[in-house]
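What follows draws every value from the coordinates through simple rules; no lab data is involved. This structure is a prediction, so every number in the text was calculated from the model and none was measured. All Cβ positions, even for glycine, are placed from backbone atoms using ideal geometry, and neighbour counts span all protein chains on display.
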Amino acid sequence: MRMSRICSRRLPKIRKISALRLALLTTLTGLLVMLALSGCSLLHQEKAGGPLSHEINEQEDVIYSHGYKIMNLDLLDDFMERRSGSLRVIQYTPEGGPIYKELRYKGGKLVIAYDTTEDEFGPKETGTFLCTALNRKEESTVLKYTLTGCEGEYPESALLWIGYELSEMDDFGFVLKYGVNLRNEINTIQEKLVKDLQNGSVAGTSDFKLSHEQLQMIFRELVLANYMQDKTLTDSCNIKPSVSYELQIDINDHEQQFTWSECDQSADGKEMTALARYIIGMVQEEKLYKELPDIRGYYE
């Protein structure tokens, strides 16, 4: 059942819940503040500049939908650091309706314009309100972007909260193959670790495991790398020999697979290479990996 959106003396308390409920609660929190602008007169409201454009730009807008899909989050960080100009944030409700927000620095404050007219269950409003700052706080299972210093009874408002609580997933595992001819393998599904000795042979173990804390850290990197989004990658490379990567992600009966090479210098390629190196670096610090034989050869 969808939670009703009414004026309240206290905003809902955020706690560890499922990704779907976290997305719904985040949307509800923001919309309660918006509803307060007109129905409860909690925030000072500027003259609205009309409805926001509903045309979504996938290169310039920050876009977030439940299920760990996020695009252009780096633009929000750049906007915070720059403290000038404007930025649009589009957040989809669990039912698929977009909520549009535009942030603009003006006179040392943030003017937030909002448009909920395409949210089927929302108040279908447009308007603006003022805040003094936008803060970013990262926790082990959630990344929070919160508006602070807002005028009215509620001085804080959640702009965007991105959850990555691994324990809420039914299952999670991955297989990362990498190196020349993909001869190295990190496999949490079959609990297998394979090391290329670069002399025509490999060494490995069949009792490899990562801790929940390590898997949580990797899951965070996957979410922030937008692993649910299709990516433009290439495995072609003019370097001989070249390092290739293949990543398979299994989560909640859903499988994603990516293949690329070290020559892929596209934004997606760089992001996926950084993700792979993060995982490889973590595993190479493990005692089990260090007990494997040293590399005995090299590739020419």
When Lys and Arg each count +1 and Asp and Glu each count -1, what net charge do the other residues less than 11 Å away from L159, Cβ to Cβ, add up to?
+2
One quarter of the convex hull surface, Cα atoms only: what value does that give for the stretch 169-290 in nm²?
7.6
For K195, which lysines qualify as cross-link partners when the Cα separation must be under 27 Å and same-chain residues fewer than eight apart are set aside?
K177, K209, K240, K270, K287, K290
Which of rounded, prolate or oblate describes the stretch 141-233 when judged by the alpha-carbon gyration tensor and an a/c cut-off of 1.5?
prolate
In terms of Cα to Cα distance under 13 Å, which aspartates and glutamates are near enough to K137, apart from those fewer than 8 places away along the same chain?
D77
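Over the stretch 103-238, what relative contact order in percent results from Cα pairs under 8 Å that are six or more residues apart?
Relative contact order, the stretch 103-238: 12 percent.
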